């Protein structure tokens, strides 16, 4: 499977609300994630740490709506545009718009980078 095919499958799974399944199928065990803000989870190393970060985020946010667009592929990378309507626990409802960049090697996502 080439990057374009993998990105299309990953994007379809995300759009269908199957982010967990996409992660299990395509995240490398050596995945590095990079957020655009400082903090304990600004950068994670390894699939297990990335999964823990995602679980923590979902546990602390109520999602009212979600939409994604893409993939936009170039070489070994692809981008997804994501829009979320969420309420953080103890916070106010907000709309988030972000671009997530994915770098692929040997059919797996090895880097995930967030832009917002």
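Since every read-out is calculated from the coordinates, none of them should be taken as a lab result. Computed from a predicted model, the values in this text were never measured in an experiment. So basically every Cβ, Gly included, is an ideal-geometry build from the backbone, and we count neighbours across all protein chains shown.
Put the Cα centre of the stretch 52-116 next to the Cα centre of the stretch 1-50 and the gap is 9 Å.
Checking the a/c ratio against 1.5 first, then a/b against b/c, what shape does the Cα gyration tensor give for the chain? Please report the intermediate quantities before stating the final value.
Numbers: a/c = 1.82, a/b = 1.39, b/c = 1.31.
It comes out prolate by the Cα gyration axes.
Taking neighbour Cβ counts within 10 Å as the exposure measure, how do 27, 57 sort from fewest upward? All intermediate terms of the calculation are to be shown ahead of the outcome.
Details: 27 21, 57 13.
Exposure proxy ranking, most exposed first: 57, 27.
What order do you get for 61, 95 when you list them from fewest to most C-beta neighbours inside 10 Å?
Details: 61 16, 95 10.
In order of increasing Cβ crowding within 10 Å: 95, 61.
When a footprinting reagent is the concern and you count Cβ atoms within 10 Å, what order do 19, 94, 37, 6 take, fewest first?
Values: 19 17, 94 11, 37 8, 6 20.
Ranked by crowding around the Cβ, least crowded first: 37, 94, 19, 6.
For the residues 54, 36, 23, a GNM of the chain with alpha-carbon springs under 10 Å puts the largest fluctuation on 36. Between residue 52 and residue 16, the modelled labels are 3.1 nm apart [label points 7 Å from Cα along Cα→Cβ]. When shorter helices are ignored and each DSSP H run of at least 4 residues is given -39500 (n - 2.57), the per-residue value for the chain at 222 nm works out to -9000 deg cm²/dmol. The simple spin-label model puts a point 7 Å past each Cα toward its Cβ; for residue 24 and residue 83 those points are separated by 3.0 nm. For the chain, find the longest principal axis of its Cα atoms and tell me its angle to the long axis of helix 3-15, 0 to 90°, nearest 10. Value to nearest ten degrees: 20.
Subtract the Cα-Cα distance of residue 2 and residue 76 from 0.36 nm times their separation in residues, and report this length gain in nm to one decimal.
On the way: separation 74, 0.36 × 74 = 26.64 nm, distance 0.91 nm.
Extra length available between residue 2 and residue 76 comes to 25.7 nm.
Between helix 47-59 and the chain there is an angle of about 30 degrees, using the helix long axis and the longest principal axis of the Cα atoms.
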